[in-house]
Amino acid sequence: MNLDLTWRLLKGGGRKGLLGVWLTLGAVAVSTALLLFAVAANLAFDARAERGAWRNPVPVAKDAAAKDAVAVEASRFDYVRDRAITVVDLAALRPDAAPPPGLPRFPKPGETWLSPALAELARELLPAELGDRYPRPAGVLGDEALVYPGELVAVVGHAPDAPAMTAERSDDWIVGKPPVRVASLAGTPSEDAEAYKVLAVIASVLMVVPLLVFGGAAARLTVARRDRRLAALRLVGATPGQVVRMTVAEAVLVALAGALVGAVAFALAVPLLTLIEIQGGAWFAGDLFPGLAVLAGVLVAVPLLVGLSAVAGLRRVVVSPLGVAKRETPPGMRFVRVLALLAVLAAFPMLTQGTSVAIVAVALGLAFLCLNLAGPWVVGLIGRITAGTARGPARLLAGRRLVDDPRSAWRTVSGVALTGFVAGFLGLLSPGAFAQADGPPQLRVLAPAGQAEQVAGQARERLAAAKVPAVVTVVKRTVVAAPSGPLDAAAMDRARTALAGLVPGRTPTTEADERGFGDQLLADVRVGTIVVLSVSFLVAIASAGITAASSVLDRRQTYGLLRLAGTPLEVLDRARRAETLIPLGVMGGGAILVGAFCATPFMIGGVSVAGVVTLVVCVVLGFAGVIGAGALSRPLLRSVTADPAPRPD
Amino acid sequence: MNDVLVGRALVKRFGQTVALGGVDIAVRAGEAVAIMGPSGSGKSTLLHCLAGIMRPDEGEVHLLGQRIDAMGERKRSALRRTRFGFVFQFGQLLPELPAEENVALPLMLGGVSRQQAVRQAREWFAPLGLPGMETRRPGELSGGQAQRVAIARALVTRPAVVFADEPTGALDQRTGQDTMRLLVEATRHNDASLIVVTHDPNVAAWCDRTVEVRDGHLVTMSGATA
Ligand SMILES: Nc1ncnc2c1ncn2[C@@H]1O[C@H](COP(=O)(O)OP(=O)(O)OP(=O)(O)O)[C@@H](O)[C@H]1O
Ligand SMILES: [Mg+2]
């Protein structure tokens with residue numbers, strides 16, 4: 001009986017009721033797609049970390065018997081055309097040593113295995129530029145060995161006693177890993193892979209909180225439309241249970257449809273999402289597809305959350321049949337909400353003293369949620385001020401409406417306010433790279449103790465043979481080769497190739513090479529910022545549009561009668577605009593400041609121009625987007641009020 | 001010749017339905033006219049045509065000698081705001097505005113300063129039996145009180161004609177009659193004409209005359225005519 005009635009309620013809502021259903025469906029679809037994205041992003045970084053783990057060896061325990069060690073592994077970075085190549089040096093200690101992922105067998109001494117992209121590059125460039133560094137290629141690495149599709153990786157086989165496997169190396173992970181004896185090539189995710197995972201978690205928190213707010217708003221949208229109808233049902237004697245079941249059934253049905261649409265939309269977007277370059281490369285599509293279990297989880301969780309939110313929204317109707325039919329002065333928003341935010345802000349610097357990233361993420365999420373808690377209170381305050389100082393009808397209407405329902409007004413602007421928080425946070429966090437002026441590029445390599453002069457001599461010979469004019473000098477133990485004359489990328493790579501293997505286990509590098517990792521991290525933070533901001537914006541704009549439309553739908557009778565009595569549509573429209581813009585200005589600005597405040601403990605160096613520019617662009621886009629989304633509901637307002645005999649339904 | 005509002009040969013069709021089949025009606029200054037008739041007979045349609053809410057398919061509507069049915073929507077809207085007042089069955093008050101601001105709204109729309117508008121609005125509360133209700137919100141008023149606020153809102157701009165479509169339809173009979181008496185007295189007091197659609201003969205008795213609509217035609221006229 002319930003489902004049947006629910007279905008008839010759904011259909012009987014009329015064209016405008018159906019519009020509400022579509023709005024809910026759209027909102028849920030957007031939420032689901034973005035939620036899947038947030039989850040998939042985390043899983044994708046996990047997958048990358050796992051796949052890269054074999055290059056980050058776990059040494060056998062010191063006291064373990066020598067027979068536990070099956071291989072010696074070391075890694076370093078080489079460079080071609082300013083791109084980093086991960087070079088893994090491997091030596092088997094036992095004939096039955098298992099090969100690393102992506103290789104059919106353990107590489108024999110002298111053999112090299114190249115990743116597809118590196119093999120391709122080696123074919124394109126002259127052997128003197130790249131190929132000669134990796135002679136005797138035995139095959140191509142499988143995707144299981146690669147962090148991302150176009151990655152440049154070389155695996156070089158050695159004998160266990162080869163100089164490359166025994167010579168001392170730097171411990172600095174930026175330069176590579178010294179040779180260690182390992183019991184297996186499974187390895188463990190590297191420090192930077194772990195760092196990226198943490199960054200992904202933070203980004204997800206920043207994206208998911210506005211999403212939850214938005215999803216809740218969508219659920220209440222369904223309920224709001226049904227408020228009066230259901231209150232009427234209660235009046236004619238439907239039991240609270242029946243009312244709740246019917247509404248929840250409707251909300252869940254619509255949400256399920258929306259979630260499915262969202263999942264399809266996400267699947268369609270994956271090919272585009274794989275193009276986002278992070279850590280130096282794009283993504284395997286497989287990494288971005290969350291597993292079936294996750295997908296099923298989201299498809300169950302989203303309708304469930306929407307249903308719960310609907311129940312919460314319905315409490316009023318159920319408690320008192322007159323609760324909705326009769327509207328009273330809403331109880332004042334409690335100041336405690338603001339105290340909560342202030343408390344978190346005060347504690348924030350202390351919370352972030354802790355080194356644990358988990359605590360930082362929690363603190364961030366907390367500040368975020370409290371902002372959301374304080375939002376309605378501040379909106380109410382803004383409303384009182386606006387109404388108190390209003391001269392014209394539009395502002396008066398806007399102000400009174402803000403006081404009447406600060407939560408709904410907050411929902412409209414919360415997206416942008418939370419985005420403002422993110423923008424303020426990240427705007428300060430992304431310094432404009434450690435840009436220093438580079439001198440002419442010089443390749444430098446550390447020579448073994450006491451052999452610097454000898455290595456320098458070899459370097460001169462090799463460079464002369466490769467026809468790269470260069471001045472080779474020795475600074476303490478470092479051999480510095482400064483190519484003279486015009487130097488293009490090809491000549492640089494010839495020099496690199498000539499010097500490859502000059503010192504076993506070490507790669508000659510330039511200052512720019514070494515800085516590359518820092519630059520990469522900053523570039524990735526910037527990409528991450530843009531991704532998070534785009535998601536927040538999508539949410540903010542969708543939420544503004546949906547709230548605006550639903551507010552028109554909810555109040556269509558009053559709007560219609562006002563228009564009949566001669567109230568110009570422009571006044572209603574101006575009131576609606578002010579209703580959004582005033583809190584948007586105050587809250588958006590406030591949120592950016594709060595976000596910036598939260599970012600100060602993490603700040604590296606000064607405020608960056610790039611960050612500020614991102615922030616300004618964000619604010620401008622946010623305002624434009626919200627105004628635009630609100631303007632979209634103007635035709636709806638027109639059509640809703642055009643009915644000469646508006647009837648309550 | 002002191003007709004304020006005149007409708008001539010008004011015809012309105014909705015698809016196959018003929019809601020008005022050629023209605024002639026004239027309302028004089030200060031006169032209260034009740035429109036009665038069975039459900040679906042065209043009462044609301046007649047009211048909407050006379051008030052410039054709808055355009056009749058045929059016929060003309062004149063306010064003080066000026067033809068209004070041919071005006072554009074913008075002009076008719078301004079006319080409704082300044083020259084007409086409206087009282088509907090319910091739902092016309094903005095729930096978030098206190099009563100006095102609901103009443104002041106039409107004045108503010110007309111450009112009166114907020115202070116002035118609210119002061120003028122307050123003057124209506126005592127005569128309509130609403131002392132102390134100025135700052136209550138519609139949700140905190142009884143149905144009858146809310147209708148009286150709506151009456152104040154309709155009259156505050158000192159309109160030439162007040163239109164009321166079943167203004168007491170949502171009230172019990174006694175409250176309805178009290179409210180109706182207030183409506184008629186207040187409009188008379190303000191030299192405004194009143195056109196009210198009602199189902200209640202007792203309510204109609206408060207008016208100067210009653211017209212009856214059947215199937216889109218005026219069939220009887222009773223009460224004082226001159
Ligand atoms: N917007 C419309 N579209 C189609 N038909 C309409 C429309 N408005 C009114 N009608 C039809 O015109 C006729 C007259 O309607 P009207 O609303 O004027 O009746 P009424 O006398 O006010 O009835 P009630 O006493 O029930 O309010 C009815 O048959 C109605 O169905
Ligand atoms: Mg009617």
What distance in nm separates the simple spin-label points at A:Ala301 and A:Val471, each placed 7 Å from Cα in the Cβ direction? 6.2
Carbon + sulfur, % of accessible area of the protein assembly as shown - ligands and nucleic acids excluded, 1.4 Å: 62
In the B-A interface, the accessible area buried, summed over both sides, Å² (probe 1.4 Å): 2700
As straight-line cross-link partners of A:Lys467, the qualifying aspartates and glutamates (C-alpha separation under 14 Å, not fewer than 8 residues apart within one chain) are A:Glu129, A:Asp488, A:Asp493
Computed curve, the stretch A:443-509, Cα-only Debye sum without solvent term, log₁₀ I(q)/I(0) at 0.17, 0.23, 0.26 Å⁻¹, is -0.49, -0.90, -1.14
Selection of chymotrypsin sites (Phe, Trp or Tyr not before Pro), the stretch A:29-113, meeting DSSP coil and at most 16 other Cβ within 10 Å: none
What percent of all Cα-Cα pairs in the stretch B:53-132 falls in each 10 Å bin, counting up from 0? 15, 38, 28, 16, 2
Roughly how many debye, to the nearest 20, is the charge dipole of the protein assembly as shown about its Cα centre, given +1 on each Lys and Arg Cβ, -1 on each Asp and Glu Cβ, and no other charges? 2660
Probe of 1.4 angstrom, ligands and nucleic acids ignored: what's the accessible area per residue over chain B, in square angstrom? 41
Determine the percent antiparallel among the DSSP beta bridges restricted to the stretch B:3-223, to the nearest 5. 55
Give the long-range amide H neighbours of B:Val23: residues separated by 5 or more places, or on another chain, with amide H under 5 Å away, using H modelled in the peptide plane at 1.01 Å from N. B:Ala9, B:Leu10, B:Val11
Rounded to the nearest whole Å², what accessible area per residue is found for the stretch A:443-509 with the 1.4 Å probe? 46
Compute the convex hull volume of the Cα atoms of the stretch A:76-194, divide it by the residue count, and report the result per residue in Å³ as a whole number. 113
Averaging the inverse of every distinct alpha carbon separation and then flipping it gives the Kirkwood radius. What is it for the protein assembly as shown, in angstrom units? 32.6
Check each residue of the stretch B:90-114 and keep those whose accessible area, probe 1.4 Å, is at least 20 Å² smaller with all protein chains in place than in the chain alone; give them in order of residue number. B:Phe90, B:Gly91, B:Gln92, B:Leu94, B:Pro95, B:Glu96, B:Leu97, B:Glu101, B:Leu105, B:Met108, B:Leu109, B:Arg114
Going through the cross-link list A:Lys177/A:Lys476; A:Lys67/A:Lys197; A:Lys62/A:Lys177; A:Lys108/A:Lys476; A:Lys177/A:Lys197; A:Lys108/A:Lys197, which pairs have a Cα-Cα distance over 25 Å in this structure? A:Lys67/A:Lys197; A:Lys108/A:Lys476; A:Lys108/A:Lys197
In short, the stretch A:522-569 residues buried by 20 Å² or more of accessible area relative to the isolated chain (1.4 Å probe) are A:Arg555, A:Gln557, A:Thr558, A:Leu561, A:Leu562, A:Arg563, A:Leu564, A:Ala565, A:Gly566, A:Thr567, A:Pro568
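The values are calculated or read from the model by the stated rules, or taken from the named source; none is laboratory data. What you are looking at is a predicted structure, and each value in this text was computed from that prediction instead of being measured. Positions of Cβ are generated from backbone atoms using ideal geometry, with glycine treated the same way; all protein chains shown enter the neighbour counts. These area figures cover heavy atoms from the full protein model, side chains too; ligands, DNA and RNA do not enter into them. Shrake-Rupley method; radii C 1.70, N 1.55, O 1.52, S 1.80 Å.
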